[in-house]
1. Just to verify a number: what accessible area does Lys87 come out at with the full protein assembly present, 1.4 Å probe, Å² rounded to tens?
2. Taking the chain as the region of interest, what is the percent of Cα-Cα pairs per 10 angstrom bin, listed from the shortest bin to the one with the maximum distance?
3. Report, to the nearest whole %, how much of the accessible area of the chain belongs to carbon and sulfur atoms, 1.4 Å probe, protein only.
4. Multiplying the sequence separation of Val158 and Thr19 by 0.36 nm and subtracting their Cα-Cα distance, what value in nm do you get?
5. Report the Stokes-Einstein translational diffusion coefficient (µm² s⁻¹, integer) for segment 116-200, Rh taken as the Kirkwood radius over Cα pairs, at 4 °C with viscosity 1.567 mPa s.
6. Where does each of Ile199, Ile121 land when they are ordered by accessible area, with a 1.4 Å probe and the largest first?
7. Kindly write out, for segment 178-185 in residue order, the coupling ³J(HN,Hα) from the Karplus curve 6.51 cos²θ - 1.76 cosθ + 1.60 (θ = phi - 60°), rounded to whole Hz, with x marking Gly and Pro.
8. Taking DSSP loops as anything outside H, G, I, E and B, show the longest stretch in the chain free of chymotrypsin sites (Phe, Trp or Tyr not before Pro) there with at most 16 other beta carbons within 10 Å.
Amino acid sequence: MTDSMIYKLIQKDLKINQTPILLWSLPAVAGILTANLIPGLVAANIGFCLLASAIIGAGIHMVTHTVLFDHLKGTHIFIMSLPVTFKQYTLSKLLVNIGVFYVMWALLSAVCIYVTFSQGILPMGSLPMMCMVLLSVLPLYSLILSVCIITQSIGYTVVTAVTSSFATPAYLWAVVYWDSVGTYVWGNQAVWNITVYSIMIAQVLIAIIIPVLTVMIQFRKKDFI
């Protein structure tokens, strides 16, 4: 019964947002076609920008419409008047947002890696750094989504998004200057050392731990107030 109700809540959010998701998919498709069909660095950059913009736009749209708008319009109060528990509501919001974002993120990652190295835009030595850059998006998104669900506040969500968006490039730039990473970026062979593995594992773990902590915090709550 619990799984069935969570599925219905997810289905409800997907149905309401299916048109915006499809619309955000259009620039993503345009980015893929541009990066793959038109040779050269400029076309690849345009394609990556279109694809990244579509993924970020879809992610922000889902968070805004499934969590913040629910709170502003009072939709969550109506939903909670149904045979739905607070735990089911929280899990459905996490799963629907993470599901949509991760699918589009996987698409971006695959296209970036394929186009970059099939067209020789960057040397193979930059592959570990690219993987770290792509993975850095996951904890960033998890943090924004979790703050949004816990606080249901536009202000806190915006501050978190802006702050983490500046902090993420800052630590990535710091990583590039480490000898164990930066030395090999422009080489012809990808070097997977302990530093690279440690950073990538940490990024994945943080992306997992944040939603888990969110669930633990939310499960302690009795209502939305």
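1. The accessible area of Lys87 comes to roughly 100 Å².
2. The distribution over the chain is 7, 29, 32, 20, 9, 2, 0, given as percents.
3. Of the solvent-accessible surface of the chain, carbon and sulfur hold 75 percent.
4. 47.6 nm
5. Approximately 91 µm²/s, per Stokes-Einstein.
6. Highest to lowest solvent-accessible surface, that is Ile121, Ile199.
7. Computed from phi, the couplings for segment 178-185 are 6, 4, 6, 10, x, 4, 9, 4 Hz.
8. Working: sites that count: Tyr177, Trp178, Trp186, Trp192, Phe224.
The reported range is 1-176.
The values are calculated or read from the model by the stated rules, or taken from the named source; none is laboratory data. This one's a predicted model, so the numbers in the text were calculated from it and none came from an experiment. Glycine gets a Cβ as well: all are built from the backbone with ideal geometry, and neighbour counts include every protein chain shown. Each accessible area value is taken on the protein alone, full model and side chains, heavy atoms only, with ligands, DNA and RNA left out. Shrake-Rupley method; radii C 1.70, N 1.55, O 1.52, S 1.80 Å.
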